[in-house]
Protein chains: 2
Amino acid sequence: MKNILKTGLVVSAILLLAGCGKLSFDSDSSSTTSTKSGSYQTTGTASDNTYQGVIKNGRYQVSKSRGLMLTNNNQNGNTYNVRSMETGLQSISQKEFSTDKYDFEEGQLLSTSTTRKWLGRQKGKYSKSSDTDNALGLNPASNGKTGENSRTPIYLQQILEQDYMVSSGSSMSLGGISIGLGMNSVDYYTKTSYGATYETKISDADLMAQGKAMAKKVVARIRKMKGVKSNTPIVVGIYKQAAQDSLVGGTYQSYVVSTSGDNIGSWHSMNEQNEVLPLVDGKKGINSTVANDFSNFSTQIRSFFPTLAGVTAQAHYEDGQLSGLKITVNTQFYGQTEINSFTQYVVTAASKYLPSGANIEIDVQSVQGMQAFAERKTGEKSFYTHVFDSY
Amino acid sequence: MKNILKTGLVVSAILLLAGCGKLSFDSDSSSTTSTKSGSYQTTGTASDNTYQGVIKNGRYQVSKSRGLMLTNNNQNGNTYNVRSMETGLQSISQKEFSTDKYDFEEGQLLSTSTTRKWLGRQKGKYSKSSDTDNALGLNPASNGKTGENSRTPIYLQQILEQDYMVSSGSSMSLGGISIGLGMNSVDYYTKTSYGATYETKISDADLMAQGKAMAKKVVARIRKMKGVKSNTPIVVGIYKQAAQDSLVGGTYQSYVVSTSGDNIGSWHSMNEQNEVLPLVDGKKGINSTVANDFSNFSTQIRSFFPTLAGVTAQAHYEDGQLSGLKITVNTQFYGQTEINSFTQYVVTAASKYLPSGANIEIDVQSVQGMQAFAERKTGEKSFYTHVFDSY
């Protein structure tokens with residue numbers, strides 16, 4: 001109710017506010033690879049080890065292809081994949097492009113139409129009138145079969161581009177490019193239009209073999225694009241998408257850096273895993289100590305209120321070690337002082353039960369929105385807490 | 001989509017989780033004023049200058065009367081009033097009950113039925129079969145008229161109780177009581193059931209006169225309750241509710257402390273005001289510098305994205321000085337890296353344009369929920385920021 005009211009009246013209030021001149025958006029895409037003109041500024045860093053974003057002529061440069069990625073994702077994936085794929089590619093990029101020297105820009109090289117072609121299938125004997133089959137398609141041509149195990153699946157579901165910019169005087173130029181290839185672990189398809197959905201499972205070996213072959217093609221194609229020099233580093237990461245019903249995104253499996261020409265160098269494999277807690281259906285977790293700690297925490301806080309709806313977590317592991325827990329506590333609507341007390345109690349329980357060596361984030365949610373937030377980063381002793389209230 | 005998915009699956013996951021024994025809730029209200037038995041613990045403090053909450057027999061003691069308050073509020077008010085009335089009463093309470101010595105407990109003295117009676121009208125000549133007219137009603141009897149200016153309005157809309165507990169050994173006892181009287185600045189009423197809504201405006205002078213008279217009665221009644229000693233301090237605050245369509249809550253106008261018996265001592269008036277920014281309809285603001293600063297901030301950040309939906313703020317003033325701004329930025333759904341860059345940009349703009357001597361909170365919202373949060377408390381130099389993402 002609060003949010004509905006707020007949104008409704010915000011919109012009407014805004015119409016009355018002066019200074020709308022800057023709201024128009026320049027959708028001219030002719031400046032895609034122009035790196036020598038225009039006035040640049042950056043967003044300013046909010047914390048250490050994050051990139052500043054590039055602002056050109058007073059406006060943030062949105063990605064040319066992200067809209068398409070989302071469209072595809074609504075059909076065949078979940079939004080956790082989209083977000084974790086973006087965050088993960090930035091993490092990989094930090095290994096090559098230091099946050100001191102490079103600023104971040106949403107991908108400007110790959111246009112929507114190019115991305116659509118690359119995500120298509122190769123033209124082949126069984127091609128139909130479908131507009132996604134084309135000579136540039138990175139997915140293999142259909143073999144004409146429709147059986148879950150006999151057909152040729154769609155391996156590549158998403159392409160993500162991130163640009164890393166370097167300043168030279170008052171200008172900026174493209175200093176590096178990162179590409180994420182979002183590979184399906186499960187390909188969802190229909191045999192007829194609007195028909196039932198079937199699944200083709202893709203093995204890790206097939207996923208990696210396909211992804212590595214695609215990476216070579218992608219590097220060669222990007223290397224030829226306007227604004228990309230022969231020695232502009234190009235990072236390519238292979239991202240394994242989580243299944244459609246997953247409550248956590250996938251992870252990057254491997255990445256490579258092409259430092260010049262079409263040579264893509266050697267692959268660096270990454271040992272990262274995500275899981276959702278609590279474990280269900282008797283599933284064996286990645287780390288039983290973490291699962292038990294979470295279970296104790298959950299039991300403790302669920303005794304507080306008569307009607308707490310649920311406690312879940314996304315756990316992230318790197319090299320077998322827990323690196324972070326993002327916990328969501330769903331509550332009904334309570335009073336402000338109840339939320340205050342509950343938040344204190346949750347933080348006390350988190351300090352007592354949860355692993356100390358990992359990032360811990362706790363979001364207290366109700367149907368009215370977020371009620372409170374608590375965070376303890378790795379190495380910190382106490383939680384930062386904030387309860388969302390109102391004057 | 002993310003949240004819908006999450007909530008749906010959370011619920012099903014929880015049903016499978018072990019350890020449900022503690023979830024049952026003891027709704028027996030016989031222990032309302034029992035302060036000598038049971039096992040006590042507290043929630044642990046999350047930050048300085050906040051009360052710890054009392055937990056009895058492993059369970060948080062919810063308020064006996066808060067449900068009723070909310071019911072009334074849905075009919076005649078808004079949720080901003082509920083929350084700010086609670087927070088405001090805790091602030092007043094801190095003047096009498098130090099957070100070092102006292103712990104917080106939701107009100108346990110006023111039951112739902114008592115509160116309902118007190119919120120009713122006095123029985124009178126024009127009383128109908130309505131169940132809210134009764135001898136204990138704090139609102140005056142109806143004069144039988146229905147005209148906006150000729151009728152007798154409902155002055156008292158909500159009653160809030162907070163208890164402040166002191167430890168003695170392993171037990172806890174009631175050390176102080178705070179009561180908030182939520183007074184209507186506008187009384188909304190219908191002339192016939194389900195008919196059109198009419199408004200009776202209530203002057204500040206009438207509101208205060210009624211509130212002060214009610215405070216005397218309330219103190220006398222509470223003083224007689226079981227568990228309340230002759231010298232238990234009773235704080236009563238008069239809260240002026242904001243109008244139904246307000247996007248910010250009301251403020252406390254005055255408070256009093258009864259230290260013994262029915263004597264309520266002298267009134268302390270409070271100079272606090274809330275307003276919503278941007279100002280609309282040519283309204284003159286409380287402080288034009290604050291309104292201009294906010295306008296500059298808003299213009300700056302609205303140039304960032306092509307489709308930013310709106311920027312509003314709740315401003316809180318104490319003694320004519322800005323003490324806090326709670327800003328809500330509504331965006332469409334963007335990518336994770338776009339939200340990262342946007343948050344950096346918002347914080348940079350906030351540091352540049354917003355007043356440095358007040359608490360600043362910025363919530364970045366989309367229809368998918370909260371995307372990012374930034375906060376700078378009075379006296380701090382930089383913002384704490386958090387972007388909500390996903391593994």
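The values are calculated or read from the model by the stated rules, or taken from the named source; none is laboratory data. Everything numeric here is computed off the predicted structure, so don't read it as measured data. Neighbour counts are summed over all protein chains in view; Cβ atoms, including those assigned to glycine, are modelled from backbone coordinates with ideal geometry. We work out accessible area using only protein heavy atoms, side chains counted, and drop any ligands, DNA or RNA first. Shrake-Rupley method; radii C 1.70, N 1.55, O 1.52, S 1.80 Å.
Matching residues to (1) among the hydrophobic types (A, V, I, L, M, F, W, C); (2) within 20 Å of B:G310 (Cβ to Cβ); (3) outside the structural domain of B:S203 (by TED's automatic domain parsing):
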{"residue": "B:T251", "(1), (2), (3)": "no, no, no"}
{"residue": "B:Y255", "(1), (2), (3)": "no, no, no"}
{"residue": "B:I264", "(1), (2), (3)": "yes, no, no"}
{"residue": "B:V280", "(1), (2), (3)": "yes, yes, yes"}
{"residue": "B:V290", "(1), (2), (3)": "yes, yes, yes"}
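Region B:89-194 holds strands (runs of 3 or more DSSP E) entirely within its bounds, and those carrying 1 or more residues that are over 20 Å from B:G227 (Cβ atoms) and among the aliphatic types (A, V, I, L, M) map to B:156-168, B:171-183, B:186-190. In region A:112-132 there is no residue that is facing chain B (nearest Cβ under 9 Å), modelled with pLDDT of 80 or more and in contact with a strand residue (DSSP E or B) (Cβ under 8 Å, 6 or more places away or on another chain). Could you tell me which residue of region A:346-381 is nearest to the other protein chains (Cβ to nearest Cβ), considering only residues that are among the polar types (S, T, N, Q) and part of a helix (DSSP H, G or I)? Here the answer is A:T348. Looking only at residues in region A:382-391 that are open to solvent by less than 20 Å² (accessible area, probe 1.4 Å) and over 25 Å from A:S356 (Cβ atoms), the one that is farthest from the other protein chains (Cβ to nearest Cβ) is A:F388. Being away from chain A (no Cβ under 14 Å) and either modelled with pLDDT of 90 or more or surrounded by fewer than 20 Cβ atoms within 10 Å (Cβ to Cβ) (or both) is a condition met by at least one residue of region B:79-96. The lone criterion from (1) touching a Leu at 6+ places or on another chain (Cβ under 6 Å); (2) buried (at least 22 other Cβ atoms within 10 Å of the Cβ) left unmet by A:P355 is number (2). When B:K283 is tested against (1) touching a residue at least 24 places away in the same chain (Cβ under 8 Å); (2) out of contact with any Leu (no Cβ under 7 Å at 6 or more places or on another chain), only condition (1) is not met. Checking the stated criteria, A:M69 turns out not to satisfy the condition of being modelled with pLDDT of 85 or more and either away from chain B (no Cβ under 12 Å) or buried (at least 23 other Cβ atoms within 10 Å of the Cβ) (or both). For region A:29-51, a tally of residues being at pLDDT 75 or above, in a loop (DSSP other than H, G, I, E, B) and open to solvent by 50 Å² or more (accessible area, probe 1.4 Å) returns 2. One residue alone among A:Q365, A:Q344 is among the polar types (S, T, N, Q), within 22 Å of B:I55 (Cα to Cα), within 22 Å of the chain's Cα centre (by Cα) and crowded, with 19+ Cβ neighbours inside 10 Å, and that residue is A:Q365. With a requirement of 2 or more residues that are more than 14 Å from chain B (Cβ to nearest Cβ) and open to solvent by less than 40 Å² (accessible area, probe 1.4 Å), the strands (runs of 3 or more DSSP E) lying completely within region A:210-321 that satisfy it span A:234-240, A:251-258.
Residues in region B:297-315 include none that are within 21 Å of the chain's Cα centre (by Cα) and more than 30 Å from B:I339 (Cα to Cα).
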